[in-house]
Amino acid sequence: MLELSPEQINAFNEDGYFVFDRIVDDPTAERLREAFDRLFRGEFETGVTPDEVNWQEGTGDPTLTRQICNGWRADRTIAGTVLREDFGRAIARLAGWPGTRIMQDNVLWKPASARPLGFHQDSAYLSWFQPSLMMSLWIALDDTSVEGGTLEFARGSHRWLHGEPEGEFHGPKQYKKYMERAAAAEGVEPEVAPVVVAKGGGSIHHGWTWHGSGDNNSIHPRRALVLHAISSEARFVPENLAKGNGPIYSRFKRLADDEMDENYFPILWTEDGRRTSGLDEYLAVGA
Ligand SMILES: O=C(O)CCC(=O)C(=O)O
């Protein structure tokens with residue numbers, strides 16, 4: 001069970017992120033790695049294609065980080081982790097939300113020698129729903145190192161100005177460029193902190209915290225599973241559906257209203273004890 005300490009909550013408020021030594025145990029990390037193998041081979045256990053498939057064996061660029069979004073729809077091993085109720089509760093507590101739903105998961109695999117992921121603020125892409133704050137729980141499935149291109153945060157940058165989406169996510173030449181520009185606009189020297197943890201460790205970050213990751217100069221892969229969570233109360237903003245990554249996820253908007261349909265953005269936890277109906281039955285199949 002994920003329980004937050006007062007020190008972790010203080011660190012989050014101060015720095016815009018904090019690091020865990022351990023979030024998942026070794027057997028879970030192993031099962032998740034096997035699910036990563038399946039997904040990037042194009043084996044979708046439930047028969048449903050994930051919402052974004054940015055890399056597949058045989059066709060994907062070997063110098064880029066492999067990425068699939070909403071692997072939870074395709075593979076119940078991924079779902080069993082990213083839809084955890086205790087994750088929803090801990091995140092709601094940090095964000096001050098009445099409950100938490102998943103917006104998206106991210107299945108990330110940066111192979112040896114792969115190029116960087118550009119620094120960005122997650123919430124800059126999310127004006128298509130309100131409140132557009134996202135909270136992200138990042139789980140390392142390999143031991144991480146600076147040399148291996150681990151995740152990096154600009155400490156305290158959740159308090160900087162809110163930017164617009166800029167630059168390339170996959171493989172930019174200067175991966176810190178837009179974060180450094182934002183720091184200069186703030187008049188601060190950015191303090192970049194890498195997440196160096198053993199397999200099963202990780203971090204939680206605020207949607208306005210600048211983050212990205214460098215080249216993988218090691219001989220090992222660097223895999224991570226991310227839960228990107230939003231408020232249980234979030235609703236679509238019809239005039240912004242075409243902004244950020246709205247064009248991909250606004251397809252789930254109902255014609256009749258602005259509600260975020262729980263079949264596509266399930267609720268993990270609410271303070272009045274609710275989880276989306278059918279979720280636990282979905283997870284139980286094959287468990
Ligand atoms: O793992 C990485 O390098 C990037 C992850 C990321 O952008 C995120 O978790 O929001």
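Throughout, read-outs are computed from the coordinates displayed, never taken from laboratory work. Note that the structure is predicted; figures quoted are calculated from it, not measured. Glycine gets a Cβ as well: all are built from the backbone with ideal geometry, and neighbour counts include every protein chain shown.
Write out the trypsin sites (Lys or Arg not before Pro) in the stretch 181-260 meeting two conditions: DSSP loop, and at most 15 other Cβ atoms within 10 Å of their Cβ.
ARG254
How do ILE9, ILE267 line up, fewest other C-beta atoms within 10 Å first?
Ordered by Cβ neighbours within 10 Å, fewest first: ILE9, ILE267.
Can you pull out the GluC sites (Glu not before Pro) in the stretch 16-91 that DSSP calls coil and that have at most 12 other Cβ atoms within 10 Å?
Hits after loop and neighbour filter: GLU43, GLU57.
Between ALA242 and GLU166, take the C-beta separation as r, use R0 = 22 Å, and let me know the FRET efficiency to the nearest 0.05.
Efficiency for this residue pair is about 0.80.
Can you give the log10 of the normalised intensity I(q)/I(0) at q = 0.09, 0.10, 0.16, 0.17 Å⁻¹, computed with Debye over equal Cα scatterers of the chain?
With one equal scatterer per Cα and no solvent, log10 I(q)/I(0) is -0.39, -0.49, -1.42, -1.64.
What distance in nm separates the two pseudo spin-label positions at GLU259 and THR49, each 7 Å out from Cα along the beta-carbon direction?
Taking the simple label geometry, GLU259 and THR49 are separated by 2.9 nm.
Applying the Karplus parametrisation 6.51 cos²θ - 1.76 cosθ + 1.60 with θ = phi - 60° to the phi angles of the stretch 205-213, what ³J(HN,Hα) value in whole Hz is obtained for each residue in order, glycine and proline being reported as x?
So the Karplus estimates, Gly and Pro as x, are 10, 7, x, 9, 7, 5, 8, x, 7 Hz.
In the structure shown, do any of LYS110/LYS199; LYS173/LYS199; LYS176/LYS243 have a Cα-Cα gap over 25 Å, and if so which?
LYS173/LYS199
What is the mean projected area of the alpha carbon convex hull for the stretch 76-178, to one decimal in square nanometres?
Values: hull surface 32.0 nm².
Projected over every direction and averaged, the Cα hull of the stretch 76-178 covers 8.0 nm².
Hey, what's the per residue convex hull volume over the C-alpha atoms of the stretch 177-287, in cubic angstrom?
Values: hull volume 23.7 nm³, N = 111.
Once divided by residue count, the hull of the stretch 177-287 is 213 Å³.
Using the crude model of +1 on Lys and Arg Cβ and -1 on Asp and Glu Cβ, and no other charge, please compute the dipole size for the chain relative to its Cα centre, in debye to 20.
In total the dipole reaches around 400 debye.
Taking H as built 1.01 Å from N, whose amide H comes closer than 5 Å to the amide H of ALA114, not counting residues under 5 places away?
The answer is ASN216.
Mind listing the long-range amide H neighbours of ASP261? Cut-off is under 5 Å, sequence gap 5 or more, other chains count too, H placed in the peptide plane at 1.01 Å from N.
Answer set, sorted by chain and number: ARG254.
Would you give the gap between the C-alpha center of the stretch 136-203 and the C-alpha center of the stretch 38-90, rounded to a whole Å?
About 22 Å separates the Cα centre of the stretch 136-203 from the one of the stretch 38-90.
Any chance you could check the Cα centroid distance between the stretch 216-287 and the stretch 101-123 for me, in angstrom?
16
Per DSSP H run of at least 4 residues, take -39500 (n - 2.57); add these up for the chain, divide by its residues and hand me the 222 nm value, nearest 500 deg cm²/dmol.
Numbers: 7 runs with 64 residues, N = 287.
Using -39500 (n - 2.57) per qualifying helix, the result is -6500 deg cm²/dmol.
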